[in-house]
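A short write-up of the structure that comes next.
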Ligand code: ANZ
Ligand code: ZN
């Protein structure tokens, strides 16, 4: 009996069956190698978009192939569920963030389930649930005890719209909030930090342990860590205070003509002379309001004030004036610099503006730079001059050049030492918001900041909060929650009201999945050390820096706490490309027009104005009206088609252009497979259930088909293992299906082998259709629990080749000849062939050209 391919029916059926039978559960089977496939978990916005579908389909295929290859696979899913949108929904619509979040989770989970993703739902985590954030708090307490969490007063980036503090990394290059887009302001607050800088060097070096990460992501991390090498050199003030500076050019010490301190530098007050005090204070106040980005812009007009004091240059005993200027930041190096205007452009601009001396110490070959007349700093090559022991040394960072020589000299003299500095800053985690993990600390007037004891975790988020949208944290206004006894001395104390940056939640979720239901421990280290590191992580490039860096940091911290035995959490990383679609824009109004409103896509015009529209391919988004709702695609074609299209249309790391015709094409392909298999079943179910052993001597047709089958196995396997070329894997499936359709030996056991292979190879891509066909074939169990087919090397060898027969260079026909024929044999076969005889009759053969394995060309006359 032949049935019609009906995805709606079979997909629901199989999703139910797999769930009931626990097919997708990760099994703790020590006899099998493990494979951990992970997609970046979503923020539960409420709706699945195509980017999600793509991300999850990729790990799903990878995991399914590994499972068939005999691995025990961990493929979990969860929710990055704290964050501002829920709180903003509470403010805007009066719905509690928890309710809003859990509703969204339920909705998205429903949609995810319709995609047929092989998740172990028993390990689902939601970061907003107390049984998860209890452990986020516990990790914070560990870090506190390890000295990796601390508090300090800090100038923070304040988002005036979201009313919260932002990490530097959450402010874009124009100084705007990454989330609200508001111009970020500066504010002084006491804040919690995690000491990621403790691992700066290791975070940098261990990138070398990650050959399976995209080079571009590693480069972004490297730049973010921003290591620079140089020296710390100690200047002294006239009063004898030490004033250490960090410089990448210690070789230019003899060219330092003034010093610049950051306006926030702790010695400024002491160094300021009475006549300068008013000007210094005014300047400090002004600088406090500016962001680091504003302060350090190269092209900015330089400003600054002299303190009235001098410092002594340790290399030559010269007195040089000490200034303050906002281009020196307190957060980098020592917050103080020696200024070498002849060789540093910012110092040069400053010196010219305030008439400070410029002294050349690097002389470029064949030139004679003069500090009084030069028009820009010379940061380049040359040899050292006016520099005491360095004179004549070639300037540069290489072996034997000035920088190395200077460091050796400084160290020998006890005047400084080689040092590295990092652009990486400690991670500011305090947020003055409600919908996040409460920082588990109680502030006691006598004991200071006391961590909440383990047996009192979690510190629950109170539910009776008022969401007014007024500034500050709603938690701070909850008297009954804030006022508690000190856990250490019992005195009246106050809870910390800051919650944690949500990046903390996502910096350890991949560990929890390995032991997600553990109520007594953050996780069992045995289980985590078994499943981790993640073998394949897949997610968007937007997380190339922060999420991945924070996760690497937390992993190293927990390793040093003795909980983990690995250094890096993610062995391989794939950053998937964007899902794009046609977007129509009216160039006159600048507005986007929905594609549904475009009557003729060949000739698109704005229905409102009649203007011709510009056509782009852009990332699907609401604002460009070019989104395709996964729900619509599922309703029309089913999940298997959606999956096949996404995998077929582009390699996973490349952008994917949506194309309805190609979606339709994949639907038709699945229908063709359906027909191949159901026709085969209809032809004789005995064959389908138990293929008879292959006969000894196969016919040519059988041999050819068997070769096609095993080439498909080989190619698909290579495509799904190494570089994840799912697009070509799908093409191979199509070729195999064509070979089966064209085969002339449909009642042969080889054909049965082909059908069975096709269904197995299809299984990771179109899991529902494959399992349905497998069942209809009368096979036992789920196709997803079958071993992955192995290519038979003997079957791959072509034992006959096709030889082209040419007359005077013109192809006249082909013949099949034994693959191992030598030149003479090939000529013989060709001469005897019907084609040759027909075309040569009555003519004289002048010459025979034989190209082994390919062709025989007869040159004739007459
Ligand atoms: C003297 C000098 C001479 C410098 C020269 C450069 C060139 P990176 O590569 O970013 O590490 N610097 C040090 N601390 C600073 C701070 N807190 N704020 C602003 N600038 C600071 O750059 C390090 C260089 O930036 C240091 O080397 C210092 O200027 C400046 F021809 O010292 B240099
Ligand atoms: Zn106390």
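The table for this structure:
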item: Rough spin-label spacing in nm, given labels placed 7 Å along Cα→Cβ, for residue 518 and residue 270; result: 4.9 nm
item: Principal axis dimensions, largest first and in whole angstrom, of region 82-157 by Cα; result: 48, 34, 20
item: Dimensions (Å) - region 612-685, Cα atoms, principal axes, largest first; result: 57, 25, 23
item: Simple spin-label estimate for residue 172 and residue 621 in nanometres, 7 Å along Cα-Cβ; result: 0.9 nm
item: Extension gain, residue 814 back to residue 464 (0.36 nm per residue minus Cα-Cα distance, nm); result: 117.6 nm
item: Computed helical MRE - 222 nm, the chain, DSSP H runs ≥ 4 contributing -39500 (n - 2.57), nearest 500; result: -10500 deg cm²/dmol
item: Equivalent-ellipsoid semi-axes of region 563-616, from the Cα gyration tensor, Å, largest first; result: 46, 11, 8
item: Spacing of the two label points (7 Å from each Cα toward its C-beta) at residue 735 and residue 190, in nm; result: 6.9 nm
item: Chain lengthening between residue 4 and residue 91 when straightened (0.36 nm per residue, less Cα-Cα); result: 26.2 nm
item: Kirkwood hydrodynamic radius of region 109-257, Cα pairs, Å; result: 20.6 Å
item: Percentage relative contact order, region 1-144, counting C-alpha pairs under 8 Å, at least six apart; result: 29 percent
item: Separation between Cα centres of region 691-759 and region 587-654, rounded to whole Å; result: 36 Å
item: Degrees separating the helix 402-413 axis from the principal Cα axis of the chain, which is the longest one; result: 50 degrees
item: Alpha-carbon centroids, region 783-859 and region 151-183: separation in whole Å; result: 72 Å
item: Computed E for residue 12/residue 796 - FRET, C-beta separation, R0 35 angstrom, nearest 0.05; result: 0.30
item: The chain: angle of helix 726-742 to the longest principal axis, Cα-based, in degrees nearest 10; result: 0 degrees
item: Convex hull volume per residue for region 237-388, taking Cα atoms only, in Å³; result: 107 Å³
item: Global form of region 204-281, assessed from the alpha-carbon gyration tensor, a/c cut-off 1.5; result: prolate
item: Percent of Cα-Cα distances greater than 22 Å, calculated over region 1-107; result: 52 percent
item: Whole-number percent relative contact order across the chain, with pairs defined as alpha carbons under 8 Å at least 6 apart; result: 13 percent
item: P(r) weight above 26 Å for region 710-862, C-alpha pairs, percent; result: 48 percent
item: Relative intensity, log₁₀ I(q)/I(0), of the chain from a Debye sum that treats every alpha carbon as a point, q = 0.06, 0.08, 0.09 Å⁻¹; result: -0.59, -0.91, -1.05
item: Folded to 0 to 90 degrees: helix 546-560 orientation relative to the chain principal axis, Cα; result: 80 degrees
item: Three principal axis lengths of region 613-755 [C-alpha, angstrom, descending]; result: 64, 32, 24
item: Relative contact order (%) - region 731-862, alpha-carbon pairs under 8 angstrom, separation at least six; result: 17 percent
item: Separation between Cα centres of region 332-389 and region 56-75, rounded to whole Å; result: 60 Å
item: Computed FRET value (nearest 0.05) for residue 728 with residue 594, which takes r as the C-beta separation and R₀ as 45 Å; result: 0.85
item: Linear extension gain, residue 408 paired with residue 179, 0.36 nm per residue minus alpha-carbon span; result: 77.7 nm
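Coordinate-derived values only; no laboratory data. All figures in this text were calculated on a predicted structure; none of them were measured in a lab. All Cβ positions, glycine included, derive from the backbone under ideal geometry; neighbour counts span all protein chains shown.
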